[in-house]
Amino acid sequence: MTELTNDLFLRACLRQDVERTPVWMMRQAGRYLPEYRATRQGAGGFLNLCKTPELACEVSIQPIDLIGVDAAIMFSDILVVPEAMGMELTFGVGEGPKFPQPIRSRADIEKLPVPDPEDELGYVMATIQLIRKELAGRVPLIGFTGSPWTLATYMVEGGGSKNYSQIKAMMYNDPEALHLLLDKLADAVAAYLNAQIANGVQAVQIFDTWGGILTTRDYREFSLTYMQKIIDKLNREHEGRRVPVILYTKGGMGWLEAIAETGCDVVGLDWSIDIDVARARIGDKVALQGNMDPTMLYANPERIRGEVKDILSRFGHGNGHVFNLGHGITPDVPVAHAKAFIQAVKEESGRYHG
Ligand code: CP3
């Protein structure tokens with residue numbers, strides 16, 4: 001096992017001492033990088049890229065070399081899990097993901113198998129092993145999944161959605177059917193994350209991108225419960241280190257206390273809350289990840305630095321902050337701005353530590 005040369009991210013997740021605040025970006029491997037676009041082109045499409053470990057490894061490493069982030073995230077997509085459960089998945093150019101045959105009935109749900117991650121998702125495991133080898137301990141590797149609720153939303157809607165009419169109708173008309181789906185997904189995702197950990201990821205993030213469309217009661221019943229079930233099943237130690245769990249619910253800032261109670265190590269913040277307020281609410285229980293507005297990266301580097309300084313000073317002195325955006329970096333951000341953001345966190349955060 002290679003020693004990590006930079007383990008700031010893992011230490012910050014566990015609220016241990018760091019010399020400066022670590023930083024990475026959600027969706028850091030992606031279209032804003034010309035090098036990513038070139039590799040994807042060569043792969044012949046997004047899903048091929050996900051399924052070719054050498055190329056998925058290459059694009060995972062790009063933001064380490066080009067942008068200087070403190071953690072790598074394995075390159076894949078949350079929707080490979082439903083695909084491994086037998087659902088046809090397409091990514092049309094400029095269209096976003098589509099399931100041409102969405103789940104619409106209890107019978108569809110009963111037919112869905114729980115995949116064996118080492119088999120149907122073996123290409124992800126091969127990618128993880130390659131990335132670990134290629135990183136050679138430079139920075140830790142993050143694995144991830146979608147939350148059961150977020151995956152179910154895509155599977156039932158058949159793709160992105162404006163009004164969530166199908167999933168909400170199912171939730172209110174036939175909650176038992178939806179619970180059956182969420183329970184299957186929780187089992188599938190827990191096994192998938194444990195396989196990622198066994199193959200070498202050093203932290204995991206659960207993306208609950210659509211949790212925020214729920215009412216408070218429905219969030220507890222249909223999203224949080226299943227993330228809790230996953231967390232309870234995870235192997236939290238590997239290679240002699242704790243494997244931190246990051247839970248990110250976009251639009252969930254009203255529910256921070258409940259999220260922190262799941263036993264996750266880190267709560268991901270979107271940009272709608274001031275980080276000092278979040279710290280006062282849950283900072284004694286968990287580390288915080290976030291939370292600059294991703295569209296701040298359209299501003300000039302001076303403005304970006306000003307925002308970084310503001311967020312750092314709001315968090316204040318002490319441990320337990322992983323700097324990130326409040327959601328994924330967008331495709332039309334200039335690379336120079338992404339670099340300036342990472343550089344600003346590195347240069348401005350030392351004064352809050354030690
Ligand atoms: O963070 C990373 O660098 C790792 C890669 C990663 C991707 N998707 C690659 C990707 C991660 C962590 C995801 C997660 C994901 N996928 C989420 C949760 C996070 C979030 O942003 O809320 C969701 C909802 C998806 C589903 C998905 N995949 C959508 C909605 C889209 C299309 C939207 C878009 O940005 O185009 C994708 C495609 C996708 N996943 C791309 C990338 C780099 C773009 C595909 C391309 O190269 O054309």
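Miscellaneous remarks
- Restricting attention to the stretch 78-118, the residues being more than 11 Å from the ligand (Cβ to nearest atom), in a loop (DSSP other than H, G, I, E, B) and within 29 Å of residue 199 (Cα to Cα) number 12.
- Cβ-Cβ contacts under 7 Å between residues 6 or more apart (or on different chains), taken from a first residue in the stretch 42-69 that is under 18 Å from residue 121 (Cβ atoms) and in contact (Cβ under 8 Å) with a residue 60 or more places away in the chain to a second residue that is acidic (Asp, Glu) and more than 12 Å from the ligand (Cβ to nearest atom), are listed as 57/134.
- Within the stretch 42-70, being more than 10 Å from the ligand (Cβ to nearest atom) and polar (S, T, N, Q) holds for 48, 52.
- Complete set of residues in the stretch 324-354 that are within 13 Å of residue 305 (Cα to Cα), outside any loop (DSSP other than H, G, I, E, B) and touching a residue at least 24 places away in the same chain (Cβ under 8 Å): 336, 337, 338, 339, 340, 341, 342, 343, 344, 345, 346, 348
- Condition broken by residue 137, with the remaining ones in (1) at positive phi; (2) touching a Leu at 6+ places or on another chain (Cβ under 7 Å); (3) buried (at least 17 other Cβ atoms within 10 Å of the Cβ) satisfied: (3)
- Scanning the stretch 205-232 for residues that are over 17 Å from residue 260 (Cβ atoms) and within 13 Å of the ligand (Cβ to nearest atom) returns 207, 209, 210, 213.
- Residue within the stretch 8-15 that is more than 9 Å from the ligand (Cβ to nearest atom), touching a His at 6+ places or on another chain (Cβ under 7 Å) and not acidic (Asp, Glu) present: yes
- Among (1) assigned to a helix (DSSP H, G or I); (2) buried (at least 16 other Cβ atoms within 10 Å of the Cβ), the one test that residue 314 misses: (2)
- Residues of the stretch 317-354 satisfying the condition of being surrounded by fewer than 22 Cβ atoms within 10 Å (Cβ to Cβ), among the polar types (S, T, N, Q) and closer than 19 Å to residue 67 by Cα: 330, 343
Every read-out reported here was derived from the displayed coordinates using simple, explicitly stated rules and does not represent laboratory data. All values reported here derive from a predicted model rather than from experimental measurement. Note that each Cβ is placed from the backbone with ideal geometry, even for glycine, and that neighbours are counted across all protein chains shown.
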